[in-house]
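Asker: Okay, handing you the structure first.
We did not get these values from a lab; they are worked out from the coordinates using the rules stated. Model, not experiment: these values are computed from the prediction. All Cβ positions, glycine included, derive from the backbone under ideal geometry; neighbour counts span all protein chains shown.
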Amino acid sequence: MSRSSPRTPRLYVDAALEDGASVALSPAQAHYLGNVLRLKTGDGVLVFNGRDGEWRGVLAGAGTRRLTLALAERTRAQEGARDLHYLFAPLKHARLDYMAQKAVEMGASRLQPVLTRHGQVARVSLERMRANTIEAAEQCGIMTLPEIRPPLSLQQAIAALEPERVLVFCDEAAEVKDPIAALAQARRGAQKEPLALAVLIGPEGGFAAEERDALLGVPNAVRLSLGPRVLRADTAAVAALALVGAVLGDWR
């Protein structure tokens, strides 16, 4: 959750942020602040760009089409993102929108679509995904936006994994057992450094046999069951990312 007042609007801007700077807002942002929120000259707005921290600005300019922010003070220093890659079989629009937003809220630093044999969607709008990540970051007080990658085949995604990265993949065919205990084994005893993590949610048709074999061949793979019920992919994403955050991530 944001540590800023929930009553203060918060926007992502692709501009340098520094003391005394003036930031031009896009027409869509100006419309939102002026027409939807009815803000006026002198009202405060929080902005971030993923690089320079979070800043409080004061609205300047006239009308609702051309607005600028005069930066007054930095409210939070820039925070580094977790090293958490979220890999997923693409879904249809509304459910993919939801999944992208929740992955950002859960701290994913990269969103990587993965094409599998039983996947039902092969094309992904990266621009739409980016818009959803921006919206989620604005609303939840997140300081960085995840990197959004173009789709890869499952074979390509496996080949791109660094040797040290732990791959957690959820598999409805896995034996149902304690997922927390399964994840805890990945910590390798007394290791204290943050782990490089990847979480993979496959298609609702499940992994093909050869895909499952390839995943099990990854050196740092953890095959995870999410319980006795079959979950939709967007539900599985939230459940898996919450488990990983609690056992291996920054929830501890």
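Asker: Please report the relative contact order for the range 10-76, taking Cα pairs under 8 Å with a sequence separation of at least 6, and give it as a percent rounded to a whole number.
Answerer: So the answer I get is 39 percent.
Asker: Let me ask something else. Taking Cα atoms, how many degrees apart are the long axis of helix 126-140 and the longest axis of the chain, rounded to 10 and kept between 0 and 90?
Answerer: Helix 126-140 and the main axis of the chain meet at about 70 degrees.
Asker: Below 14 angstrom from the Cβ of ILE134, what's the summed charge of the other residues (Lys, Arg +1; Asp, Glu -1)?
Answerer: Taking every other residue near ILE134 into account, the sum is -4.
Asker: Further question: Can you classify the range 56-183 as rounded, prolate or oblate using the Cα gyration tensor, where a ≥ b ≥ c are the square roots of its eigenvalues, rounded means a/c under 1.5, and otherwise it's prolate if a/b beats b/c and oblate if not?
Answerer: Cα axes put the range 56-183 in the prolate bin.
Asker: Sort 51-61, 176-186 by the packing proxy (mean of other Cβ within 10 Å over each peptide's residues), most packed first.
Answerer: So the peptides 51-61, 176-186, ranked by packing, come out 51-61, 176-186.
Asker: Then there is this: Assign one of three labels to the range 111-201, namely rounded, prolate or oblate, based on the Cα gyration tensor with a ≥ b ≥ c the square roots of its eigenvalues; rounded applies when a/c is under 1.5, prolate when it is not and a/b is larger than b/c, and oblate otherwise.
Answerer: It comes out oblate by the Cα gyration axes.
Asker: Follow-up question, since we're still on this one. Rounded, prolate or oblate: which fits the range 191-252 when a ≥ b ≥ c are the square roots of the eigenvalues of the alpha-carbon gyration tensor, with rounded for a/c under 1.5 and prolate only if a/b beats b/c?
Answerer: In terms of gyration-tensor shape, oblate.
Asker: Right, another one. Express the C-alpha Rg of the chain as a ratio against the empirical globular expectation 2.2 N^0.38 Å, rounded to two decimals.
Answerer: Computed over Cα atoms of the chain, the ratio equals 1.13.
Asker: Now for a different question. Using helices alone, what [θ] at 222 nm do you get for the chain, with -39,500 (n - 2.57) per DSSP H run of 4 or more residues, divided over all residues and rounded to the nearest 500?
Answerer: Rounded to the nearest 500, it is -8000 deg cm²/dmol.
Asker: Under a point spin-label approximation (7 Å from Cα along Cα-to-Cβ), what is the THR68-ALA184 distance to one decimal in nm?
Answerer: Computed distance between label sites THR68 and ALA184 equals 5.8 nm.
Asker: Between LEU37 and ASP83, with labels modelled 7 Å along Cα→Cβ, what's the label distance in nm to one decimal, could you check?
Answerer: Simple spin-label model gives 3.6 nm for this pair.
Asker: Moving on. Angle, helix 93-105 long axis vs. longest principal axis of the chain, Cα atoms, 0 to 90°, nearest 10?
Answerer: Helix 93-105 sits roughly 80 degrees off the main axis of the chain.
Asker: What share of the DSSP beta bridges in the chain is antiparallel, in percent to the nearest 5?
Answerer: 40
Asker: For the range 84-247, what does the relative contact order come out to in percent, with C-alpha contacts under 8 Å and a separation of six or more?
Answerer: Here the relative contact order equals 31 percent.
Asker: Which part of the range 21-45 falls in the paramagnetic zone of ALA60, meaning amide N under 16 Å from the point 7 Å along Cα-to-beta-carbon?
Answerer: Answer for this model: 21-26, 40-45.
Asker: Give a quick list of chymotrypsin sites (Phe, Trp or Tyr not before Pro) in the range 147-252 that DSSP marks as loop, anything other than H, G, I, E or B, with at most 12 other Cβ atoms within 10 Å.
Answerer: TRP251
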